[in-house]
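Colleague: Before I ask anything, here is the structure I am working with.
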Amino acid sequence: MILKNYPDIFIPKSKINGAKDGDKVVVKMLQWDINSKNPEGEIIKVLGKPGEHETEIHSILAEYELPYHFPEEVEDFANKISREITPEELKKRRDMREVLTFTIDPKDAKDFDDALSLKKLDSGNWEIGVHIADVSHYVQPGTLLDEEAYSRATSVYLVDRVVPMLPEILSNDLCSLKPEVDRYAFSAVFEMNDRAEIVNQWFGRTVIHSDRRFSYEEAQERIETGKGDLAEEILALDHFAKILRKERLKKGAIAFDRSEVRFNLDENNNPIGVYFKISKDSNHLIEEFMLLANRKVAEYASKLQKTFVYRIHDVPDEEKLLQMQGIISRFGYRLNLKDKKNISHSINHLLEEVHGKKEQNLVDTLAIRSMSKAAYSTHNIGHYGLAFDDYTHFTSPIRRYPDVMVHRLLQRYLDKEASANEAEYEEKCKHSSQMENLATSAERDSIKYMPV
């Protein structure tokens with residue numbers, strides 16, 4: 001980490017390494033003698049002139065010690081992984097290649113780590129599959145690839161680029177659920193009736209074949225007009241998603257639905273415009289089925305009472321809620337803080353009240369800051385914000401290492417093996433939480449450098 005407050009560092013001419021006056025650089029401290037006022041160092045990287053886009057982005061990467069490139073040996077290891085779908089591996093998996101399957105993602109997405117499948121059963125019920133890229137098949141414990149992925153723990157989404165957790169051969173190819181190719185997946189398959197009640201469920205490894213890639217805009221068009229290819233299937237999934245969302249909010253889930261700031265960039269990654277990303281029904285459709293898979297996997301593991309990785313979220317900070325109360329009261333709003341069980345309902349009511357008003361962004365921000373930070377842990381305390389007793393991260397193993405751990409543990413228990421070492425996994429959870437917080441800080445800093 002770069003020091004924020006430090007004494008001047010003496011750099012001998014022999015260790016300037018091509019830097020020029022005014023350049024922003026990364027310096028390695030070499031020594032600091034007891035009798036010297038200043039440490040001695042050498043310039044190990046020249047970032048460029050302050051204020052230039054590339055300089056500032058690479059400064060953020062340096063400050064948070066984010067490795068922009070993969071070590072050559074890790075890239076070599078990844079490039080040697082077999083691309084073949086083998087008969088031996090197929091025997092271990094449920095073959096779902098004949099079931100209608102598609103992805104719904106942002107129009108500029110490069111990796112597709114989740115897909116949905118849909119089939120009407122003779123009983124009148126629906127079989128809905130949530131299919132997740134089987135990263136754990138390719139990223140084996142103890143390998144160079146696994147060690148690098150664990151070290152990074154998460155992909156980092158800066159305003160103009162991604163610092164990925166996995167090499168591109170995996171994230172954008174082998175593990176990406178692209179259309180018209182067979183892919184290994186880890187799936188949660190649910191049998192639902194028309195009321196979105198789960199009649200049956202199944203977890204396990206599969207092989208799938210995505211028939212179509214939709215952007216959120218294309219899926220939204222079918223929801224709004226009822227027209228276009230696979231409109232009937234998307235409308236059916238939207239029907240279930242709306243029921244699931246309604247039930248979730250009824251149980252006390254907090255409905256944060258903020259517009260996210262996004263930048264339009266030119267070919268040199270300089271900002272030329274700004275827009276707001278707004279969640280619509282197509283976004284909620286995917287969100288609800290991912291939440292369902294995460295929740296049901298966690299419920300399955302929790303009942304086993306074996307070591308597992310949970311996504312936990314504690315109750316809000318009481319002091320921060322009181323501070324928030326003091327600020328929103330100036331706008332004529334109030335929270336009911338007397339009944340802790342109804343705090344989430346009170347927050348939701350507040351968020352509805354301010355929706356579309358000039359103070360919405362302020363109130364939304366205050367509400368988010370009053371929340372505890374979500375984290376990973378083997379000690380399950382539930383997820384307050386989602387109102388789930390059991391919750392995990394199962395659905396994004398391309399960009400989150402905890403999801404890879406969840407896949408491994410789930411398969412371990414499906415194979416009826418003994419419980420994993422709790423202390424070992426708790427340490428991995430702490431590391432993953434720390435890296436997630438670091439990534440969030442880096443992402444926020446990158447946005448600050450993008451004035452339009």
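The values are calculated or read from the model by the stated rules, or taken from the named source; none is laboratory data. Since the structure is predicted, the reported quantities are computational estimates derived from the model, not experimental observations. Note that we place each Cβ from the backbone using ideal geometry, even for glycine, and neighbour counts take in every protein chain shown. Accessible surface areas use protein heavy atoms only, side chains included; no ligands, DNA or RNA. Shrake-Rupley method; radii C 1.70, N 1.55, O 1.52, S 1.80 Å.
Colleague: Using the alpha-carbon atoms, what tilt in degrees (0 to 90, nearest 10) does helix 216-225 show relative to the longest principal axis of the chain?
Modeller: 30
Colleague: Just to confirm, what accessible area per residue do you get for the range 307-411 at 1.4 Å probe, in whole Å²?
Modeller: Values: 5000 Å² over 105 residues.
On a per-residue basis, 48 Å².
Colleague: Treating the range 283-374 as a set of equal point scatterers at the Cα positions, no solvent, please give the Debye-formula log₁₀ I(q)/I(0) at q = 0.23, 0.24 Å⁻¹.
Modeller: -1.13, -1.18
Colleague: Let me ask something else. Could you please state, rounded to a whole Å, how far the C-alpha centre of the range 102-139 is from the C-alpha centre of the range 277-344?
Modeller: For the range 102-139 versus the range 277-344, the Cα centre distance is 25 Å.
Colleague: Now a separate question. Mind listing the long-range amide H neighbours of V199? Cut-off is under 5 Å, sequence gap 5 or more, other chains count too, H placed in the peptide plane at 1.01 Å from N.
Modeller: E191, M192, N193
Colleague: Place a +1 charge on the Cβ of each Lys and Arg in the chain and a -1 charge on the Cβ of each Asp and Glu, then give the dipole magnitude about the Cα centre in debye, rounded to the nearest 20.
Modeller: It works out to roughly 1260 debye.
Colleague: Roughly how many Å is it from the Cα centre of the range 174-202 to that of the range 398-443, as a whole number?
Modeller: 22
Colleague: Leaving out same-chain residues fewer than 8 places away, which lysines sit with a Cα under 17 Å from that of K430?
Modeller: Counting by Cα, and skipping residues close in sequence, K430 has these lysines nearby: K373.
Colleague: For D160, which sequence-distant residues (separation of 5 or more, or a different chain) have an amide H within less than 5 Å of its own amide H, given hydrogens modelled in the peptide plane?
Modeller: Under 5 Å from the amide H of D160: no residue qualifies.
Colleague: Sticking with this one: Per the 1.4 Å probe, what fraction of the accessible area of the chain, in percent, lies on carbon and sulfur atoms? Please report the intermediate quantities before stating the final value.
Modeller: Working: 11390 of 23700 Å².
Answer for the chain is 48 percent, counting heavy atoms of protein chains only.
Colleague: Here's something else I'd like to know. Name the lysines eligible as straight-distance cross-link partners of K92: C-alpha to C-alpha under 20 Å, and not fewer than 8 places from it in the same chain.
Modeller: Hits, sequence-local ones excluded: K416.
Colleague: Could you pull out every one of the lysines with an alpha carbon less than 26 Å from that of K13, ignoring same-chain neighbours closer than 8 positions?
Modeller: Partners found: K4, K24, K28, K37, K45, K49.
Colleague: While we're here: Report, in degrees rounded to the nearest 10, the 0 to 90 angle that the Cα long axis of helix 231-250 makes with the longest principal axis of the chain.
Modeller: On a 0 to 90 degree scale, this one is about 80.
Colleague: Also, quick follow-up: Which chymotrypsin sites (Phe, Trp or Tyr not before Pro) from the range 46-96 combine a DSSP loop assignment with at most 13 other Cβ atoms within 10 Å?
Modeller: On the way: sites: Y64, Y68, F77; in loops: Y64, Y68.
Qualifying residues, ordered by number: Y68.
Colleague: If you fit an axis through the alpha-carbon atoms of helix 401-414 and take the longest principal axis of the Cα set of the chain, what angle between them do you get, 0 to 90°, nearest 10?
Modeller: Approximately 40 degrees, to the nearest ten.
Colleague: Counting alpha carbon pairs within less than 8 Å and at least 6 residues apart, what relative contact order, in whole percent, applies to the chain?
Modeller: 17
Colleague: Next question. Among the listed pairs K246/K358; K120/K178; K80/K280; K110/K303, give every one whose C-alpha distance is greater than 32 Å.
Modeller: Details: K246/K358 27 Å; K120/K178 24 Å; K80/K280 41 Å; K110/K303 36 Å.
Cα-Cα > 32 Å for K80/K280; K110/K303; rest within.
Colleague: Still on this structure, please answer the following. Could you pull out the trypsin sites (Lys or Arg not before Pro) across the range 160-253 that fall in loop regions by DSSP (anything but H, G, I, E, B) with no more than 15 other Cβ atoms inside 10 Å?
Modeller: Answer in residue order: R161, R195, K227, K251.
Colleague: Please state the Cα pair-distance histogram of the chain with 10 angstrom bins from zero: what percent is in each bin?
Modeller: Per 10 Å bin, starting at 0, the Cα pair percentages come out as 4, 17, 26, 27, 16, 7, 2, 0, 0.
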